[in-house]
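To keep things clear, I will list the structure first and then write my remarks on it.
The values are calculated or read from the model by the stated rules, or taken from the named source; none is laboratory data. Keep in mind the model is a prediction, meaning the values are calculated, not measured. Here the Cβ is made from the backbone with ideal geometry for all residues, glycine too, and neighbour counts use every protein chain on show. Accessible surface areas use protein heavy atoms only, side chains included; no ligands, DNA or RNA. Shrake-Rupley method; radii C 1.70, N 1.55, O 1.52, S 1.80 Å.
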Amino acid sequence: MIKLLLNRIVVLFITFIGITVITFVVINISPGKPQDMMDMSTRISFEAKQRLVKLYGLDKPLHIRYFNWFLRVIRLDFGTSFKDDKPVLKKISERLPATLLLNILSLGIIFFVGCTIGILSAMYQNKFFDKLTTIVVFLGYSIPRYWLAILCMIVFGIKLNWLPISGLRSVNWEYLPFVGKIWDILKHLILPVAISSFSGLAGLARYVRGSMIEQLNCEYIKFALSKGTQRKKVVFYHAFRNVLIPVVTILGLSLPDLIGGGFIFETIFAYPGMGRLGYEAIMARDYPLIMGIGTITAALTLLGNFIADIVYVYVDPRVRYK
Amino acid sequence: MKNNILEVRNVTKSYPVYSQLLHTKITKKIVLKNITFSLEENTALGVLGPSGCGKTTLAKIIARIEQPDSGEVLFEGRNIFSYPNKTFACMVQLLFQNPYSMLNPKLNIGFLIKERVRQYFKLNNTKVEDSTVNKKISELLETVKLSPDVLKMYPYQLSGGQRQRVAILLVLCLYPKLLILDEPLSALDVSLQAQMLNFFAELKQQFKFSYIFITHDENLAEYFCDQIIKIENGEILTK
Amino acid sequence: MNKQLVIGIIIVSILIFTALFAKFISPYDPIQQDLTNRLQPPSLKHLFGTDELGRDVFSRMIFSTRVSLSVGIIAVSIATVIGTILGLISGYYGGKIDLIIMRLVDIMLCFPTFFLILMVISFMKPSIYNIMVVIGLTSWPGLARYVRGEVLSIKEREYVLSAKLAGLGTSRILFVHILPNVIVPVIVTFSLGIGSAILTESALSFLGLGVQPPNPSWGNILTSGKDYIHIAWWLSLFPGMAIFITVVGFNFLAEGLRILLNPKEQ
Amino acid sequence: MNSKLVLEITDFETAFYIKPKDKYLFALREINFELYKAQKIAFVGESGSGKTTLANAILQLNPNNVTTYFGNIIFYPQKENCSICLDKYSIVTTEEHYDENTQTTSYDIHTLDEELLNHIRGNHISMIFQDPFTALNPVLRVGEQISEVILNHNLNITKKEVYDKVIELLSKVELPEPHIIYKKYPHQLSGGQIQRVCIAIALANIPEILIADEPTTALDATLKHTILSLLTHLVGSFSTSLILITHDINLVKNYVDYVYILYAGEIIESGLTKQIFYNPLHPYTKLLMSCSVDKTKKGQKLPVIPYELPDLTDQDFIYEKCIFLNRCPQRNNRCETKKPQLYSIKGQKVKCLLYEK
């Protein structure tokens, strides 16, 4: 067990190095690389340029620059933003909680709703409910999420005027009572969370259904039934525990998609999260910020997968006691 | 006095247990310890042992699918690993436990058989016409008592007995001198077992095969084999 | 033939037809502005209305089909070829090669693909060729991992061992005996991948990093849809529908192929 | 037989609907048999004979969306002090279940609702499956899986009592160190050990009937007899009736009282074990006995049964002709025209026209 853990940690570290290499290389060899950018920019004075060149060692060869950058990354120093000279880390950490809130809520919804739909349609296989959800799930899988976001904004925000369509707080948030504050935030969260969990949910429901049907055909289910165990218990206690194991990994793997989707609809909803920050950074070609966001998102995903891995080992005795 | 066709000398085999990360060995699990025996021409040798005793590994070593850690296997006096691939194919063939898994589920039977028959001619360096191949195929189908209808089918469409026969045909068509049977009967019904045993005996007569017959069933081994060795925990107990 | 396949084939053939004969089908020039007819709602004259510069949305959408389909197909072809070959090599040879390829896959899978694409695209001149290549080069890891997993188990199967014993060559074993057993999921992933590549392309265009105005793309029509969200719903609805139906079509095709090519499930 | 009747199956048939072919497959036909208290019977048949279908049918475990049953499976509960049983039965016990003359209650299993069925399963009738490696849930501890069957059928039982009972059961099936086995997961045990655990689960509530579906097929030859003698010994000590299902006729010789030979879904011969072994009547039984491998037959050619099973979707054949017709070495012209009944000869029953009176 401990060996396994150590093993995973080493892998984690190697993968992290890989992530930094890719982030660095992608940005520094692509056609609009930082140096060119700075040459073109007129807003930056000559002195400032010199200062930046020195600071980032832009006159040094690639691998040395990478090494220096990596050393600073380990100390969580991503430099300062080109745009307003604020430290990158500070800018990110301002936005991170909102993104984490959004993603954890979405993950939770994906997990609970996806599993429920999947199990129910497996239990009532080929009945009306199953057929309906299969179609809905299939369409949900294909729908462009940002379009869905716009449609929802039109319907719920503009036509019906039920939900706010942008930001995380209303303008008068400061003056609301405590409960009102929470309610306000919740109202702002409904649309972004619903949209961001939508396709993940569809995918998971589809997976759970298939894998549940497979498990329900296993011999051990028959044996459990022959013991006089109630059907409900057989489904939720016996079969679902077996389905749950791969679901953990799937949730871990769906993290990058979730965060990646954030770049679009955080922008659409003007949601103050990292996705929007990233989009703005990319549009402004704010290299330190882009590299910072890239590294941190990937590292967060990595961490998520790592946790999924550990949970996997924990819930699957076949791995735990090898 | 018959010649020894196969000699196994002091074969030891262990499986390394790898760490998942850098592919470094952590520990070893020994599956075969100092196995030594020999096999005469046109005889059937039974290898008897409970599941997990290493008998399948032994079969794989003799068939060159795996390498022994130490010791050597001589076929007609020469180390098996010194034979080129193609020569060896005509010497030793292995019939696996589950006839279904011997047949590629995505390829039809006719294709599989044709591929092997062509391979046979290729190994013997003869160029052949399609008609010769087809003649050979129908000849072989007759040997294993199968109707030509199976050629158009896919493995999942065959019955248990048919699959077994097709699997045998596939190893047969290279005319090996030694045929290793790895638990070929354990998945079959009693009446099919009888059919297969008779069939193996016929083949032995007809083609002068030698057999290595791997099984956990003492009854079967004693019925079919001329010689028996027992293996337990990777070691030979008795001969 | 199953239902899903039929629906998929119908939708996809209509799309291909539209893309090939866009010039003949579209009633207006997609780039021609008509400032007197700005933001007209759908009518018989302009089936899907007009945009903020008075261009006919229907015609623009027809021409977008070309962009989307070609991006989808070429990008996914690149990804599929890379993914399948790396997966086959990694799984069949194992050892150090496998280790290196799989680490690379792990690392790639940690990045939100969309962010990676966004990052690269933002530094390049926006053009559909760049988009094709970038989408292709970033979306192979999932497939590679899958193929490798399959090969890993298939190469130990007894039919492969027995083919090896018969002295058949490595390439024959790899391509005749192993590949057919992984090809179905590859084909299915191919079709699914086209759908998601089209989604990615439209999202990029939506963000202004894909097809550049005045050239039409479903994504950039949606951008103006978002800007005029309060007054011109048709600018949001129709292009989104087009993307949706296209993706549904390719997904149906994938599902249909999966059922068709798995004889056991019939 | 003097002892009490436990199970009675009359005119039982099972058909599966095969959707792609739009046909019915008649897996079992004309099944009639009785099972008495503490009796041990065996069903012998090769693959495709419908033996597993029969086992599953008794506990209603066949996939119910494609299965149709005909005929009756009557179960006579024997447990007198089973309180839940009484409670529950009182709900459904009406005249049709209670017989004044014999003062016995009986139920047709196929008419029971889910709740009563669950009560019977694992408590009155339990089952052991063929492949020990797939029979247990891979992610639950062995102990939990045994506790489950106890908890299902004993209300008001404390955790400690359950634990003690599990340990007792584990030692009864001769597993060493039951406390350690309790905490293990199935993949940590060997095939033989898991089969013992399955036996413990099946016998936990001392059922009236134990159905053992090929309990030894997946095990090594040396283990087969150990497991079977353990099974029959335990069954004997609880006065449980045993239905042993197997494809290996030689295996049952020393363990059961009565043997039914099943071929292509029909009982073609039945009799006391020694009758079947020393005087098989049906041509199929004879062939089956003679073609089994035995070291004493070394060097001899084994007799074989030519051809394969008939098509069980072909109603014209299976209901009109002798089911063994196409493979029978002793067939004559009359066989083509008439379907045989079960003919009784000195208590032994055989379905072959050769024995028609």
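Restricting attention to the range C:224-238, does a residue exist that is more than 9 Å from chain A (Cβ to nearest Cβ), farther than 30 Å from residue C:180 by Cβ and free of Cβ contacts under 8 Å to residues at least 24 places away in the same chain? Among the residues of the range C:224-238, not one is more than 9 Å from chain A (Cβ to nearest Cβ), farther than 30 Å from residue C:180 by Cβ and free of Cβ contacts under 8 Å to residues at least 24 places away in the same chain, which makes the answer no.
Within the range D:203-225, which residues are under 13 Å from the mean Cα position of the chain (by Cα) and hydrophobic (A, V, I, L, M, F, W, C)? If the condition is that a residue be under 13 Å from the mean Cα position of the chain (by Cα) and hydrophobic (A, V, I, L, M, F, W, C), then D:209, D:210, D:211, D:212 are the ones that fit.
Out of C:245, C:221, C:183, one residue alone is closer than 20 Å to residue C:49 by Cβ and facing another protein chain (nearest Cβ under 9 Å). It is C:245. Starting from residues that are at the interface with chain A (Cβ under 9 Å from one of its Cβ atoms) and surrounded by fewer than 22 Cβ atoms within 10 Å (Cβ to Cβ), keep the ones in the range C:248-257 and report whichever is farthest from the chain's Cα centre (by Cα). Top of the filtered list is C:255. Number of residues in the range C:1-11 that are small (Gly, Ala, Ser) and either open to solvent by 30 Å² or more (accessible area, probe 1.4 Å) or in a loop (DSSP other than H, G, I, E, B) (or both): the value is 0. All conditions but one from (1) open to solvent by less than 50 Å² (accessible area, probe 1.4 Å); (2) over 18 Å from the mean Cα position of the chain (by Cα) apply to residue D:156; the one that does not is (1). Of the helices (runs of 4 or more DSSP H) that lie entirely inside the range B:23-131, those containing 2 or more residues that are under 15 Å from the mean Cα position of the chain (by Cα) span B:55-62, B:85-89. Checked against the criterion of being farther than 20 Å from residue A:283 by Cβ and hydroxyl-bearing (Ser, Thr, Tyr), the candidates C:127, C:139 yield just one match: C:139.
Conditions tested, residue by residue: (1) more than 14 Å from chain B (Cβ to nearest Cβ); (2) within 23 Å of residue C:11 (Cα to Cα); (3) touching a strand residue (DSSP E or B) at 6+ places or on another chain (Cβ under 9 Å).
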position	(1), (2), (3)
C:162	no, no, yes
C:175	no, no, no
C:188	yes, yes, no
C:194	yes, yes, no
C:203	yes, yes, no
C:207	yes, no, no
C:210	yes, no, no
C:215	yes, no, no
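Residues being in contact with an Asp or Glu (Cβ under 9 Å, 6 or more places away or on another chain) and open to solvent by 20 Å² or more (accessible area, probe 1.4 Å) are entirely absent from the range C:117-127. Counting only helices (runs of 4 or more DSSP H) that sit wholly inside the range C:12-115, those with at least 3 residues that are in contact with a helix residue (DSSP H, G or I) (Cβ under 7 Å, 6 or more places away or on another chain) and at pLDDT 80 or above are C:57-93, C:95-110. Within the range B:152-203, the set of residues being farther than 19 Å from residue B:101 by Cα and part of a helix (DSSP H, G or I) comprises B:190, B:191, B:194, B:195, B:197, B:198, B:199, B:200, B:201, B:202, B:203.
Taken together, the criteria exclude residue D:319 from residues that are surrounded by fewer than 15 Cβ atoms within 10 Å (Cβ to Cβ), closer than 19 Å to residue B:199 by Cα and of a type in the set (Ser, Thr, Tyr).
Here residue B:187 clears all of (1) within 23 Å of residue B:60 (Cα to Cα); (2) surrounded by 19 or more Cβ atoms within 10 Å (Cβ to Cβ) except the condition numbered (2). Residues in the range A:252-289 that are buried (at least 21 other Cβ atoms within 10 Å of the Cβ) and either in contact with an Asp or Glu (Cβ under 6 Å, 6 or more places away or on another chain) or away from chain C (no Cβ under 14 Å) (or both): A:271, A:273, A:275, A:276. Exactly one residue out of D:234, D:175 is surrounded by fewer than 23 Cβ atoms within 10 Å (Cβ to Cβ) and assigned to a helix (DSSP H, G or I): that is D:234. Within the range B:76-97, the set of residues being surrounded by 17 or more Cβ atoms within 10 Å (Cβ to Cβ) and either within 10 Å of chain C (Cβ to nearest Cβ) or touching a residue at least 60 places away in the same chain (Cβ under 8 Å) (or both) comprises B:88, B:89, B:90, B:91, B:92, B:93, B:94, B:95, B:96, B:97.
Yes/no per residue for (1) of a type in the set (S, T, N, Q); (2) more than 28 Å from residue C:217 (Cα to Cα); (3) more than 11 Å from chain A (Cβ to nearest Cβ):
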| site | (1), (2), (3) |
| --- | --- |
| C:53 | no, no, yes |
| C:60 | no, no, yes |
| C:84 | yes, yes, yes |
| C:89 | no, yes, yes |
| C:110 | no, yes, no |
| C:119 | no, no, no |
| C:122 | yes, no, no |
| C:139 | yes, no, yes |
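Picking from residues in the range D:288-307 that are part of a helix (DSSP H, G or I) and more than 7 Å from chain B (Cβ to nearest Cβ), the one that is most open to solvent (accessible area, probe 1.4 Å) is D:296. Would you confirm whether or not the range A:171-187 contains a residue that is polar (S, T, N, Q) and over 22 Å from the mean Cα position of the chain (by Cα)? Taking every residue of the range A:171-187 in turn, at least one turns out to be polar (S, T, N, Q) and over 22 Å from the mean Cα position of the chain (by Cα).
Of the candidates D:249, D:268, D:245, the single residue that is open to solvent by less than 20 Å² (accessible area, probe 1.4 Å), under 18 Å from residue D:331 (Cβ atoms) and either more than 10 Å from every other protein chain (Cβ to nearest Cβ) or out of contact with any Phe, Trp or Tyr (no Cβ under 7 Å at 6 or more places or on another chain) (or both) is D:268. Here is a check on your reading of the model: is residue D:346 in contact with an Asp or Glu (Cβ under 7 Å, 6 or more places away or on another chain), surrounded by fewer than 14 Cβ atoms within 10 Å (Cβ to Cβ) and not small (Gly, Ala, Ser)? Against the criterion (in contact with an Asp or Glu (Cβ under 7 Å, 6 or more places away or on another chain), surrounded by fewer than 14 Cβ atoms within 10 Å (Cβ to Cβ) and not small (Gly, Ala, Ser)), residue D:346 does not qualify. Within the option set C:64, C:68, C:90, being more than 21 Å from the chain's Cα centre (by Cα) and crowded, with 21+ Cβ neighbours inside 10 Å holds for one residue only, C:90. Closer than 27 Å to residue D:212 by Cα, out of contact with any strand residue (DSSP E or B) (no Cβ under 7 Å at 6 or more places or on another chain) and of a type in the set (Lys, Arg), is that true of residue D:298? Spelling it out, it is not the case that residue D:298 is closer than 27 Å to residue D:212 by Cα, out of contact with any strand residue (DSSP E or B) (no Cβ under 7 Å at 6 or more places or on another chain) and of a type in the set (Lys, Arg). Look at residue A:292 and say whether it is crowded, with 24+ Cβ neighbours inside 10 Å, within 21 Å of residue A:101 (Cα to Cα) and more than 8 Å from every other protein chain (Cβ to nearest Cβ). The answer is yes for residue A:292. Number of residues in the range D:273-287 that are part of a loop (DSSP other than H, G, I, E, B), touching a residue at least 24 places away in the same chain (Cβ under 8 Å) and out of contact with any Phe, Trp or Tyr (no Cβ under 8 Å at 6 or more places or on another chain) equals 1. Residues that are at pLDDT below 65, more than 30 Å from residue A:316 (Cβ to Cβ) and open to solvent by 60 Å² or more (accessible area, probe 1.4 Å) within the range A:1-32 comprise just one, A:31.
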